[in-house]
Amino acid sequence: MLGPGLIALILAAPQAARAETAAECAAFWRAVAAEQRAMPGFDVPPDDAAALAAEFAALAGTVARDRVGGYRLLYRGLVDGDRQSTDLFSRIAERCDALLAPGR
């Protein structure tokens, strides 16, 4: 039989994973917004990216701030046409979209 503490830990795990993913997504979209402001005219308007970052930060209660710089570099690779950056960007964006999909 599982103790009450273990049951609580098991039930909290999906929520913790969701919050961690949301924090990553907030950092991802914050980076896109920053790059869009630096290089306007590509794909996602900066205000839309900033709104997504805020939505994910609200879900997570935080932003994975240490990841923003790396995501900015990833976005620059996408803009430069790097195939690996483009593929990774698409996978991350899809994962973030899936996180919001159930609530929409």
Restricting to the stretch 46-63, name every residue that is of a type in the set (A, V, I, L, M, F, W, C) and buried (at least 17 other Cβ atoms within 10 Å of the Cβ). A49, A50, L52, A53, F56, A57, L59, A60, V63
Filter result (surrounded by 11 or more Cβ atoms within 10 Å (Cβ to Cβ), part of a loop (DSSP other than H, G, I, E, B) and either modelled with pLDDT of 90 or more or of a type in the set (D, E) (or both)) within the stretch 64-87: D82
With the structure loaded, tell me whether R18 is surrounded by 13 or more Cβ atoms within 10 Å (Cβ to Cβ), at pLDDT 85 or above and assigned to a helix (DSSP H, G or I) or whether it fails that test. no
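The values are calculated or read from the model by the stated rules, or taken from the named source; none is laboratory data. Keep in mind that what you see is a predicted model, and the values were worked out from it rather than measured. All Cβ positions, glycine included, derive from the backbone under ideal geometry; neighbour counts span all protein chains shown.
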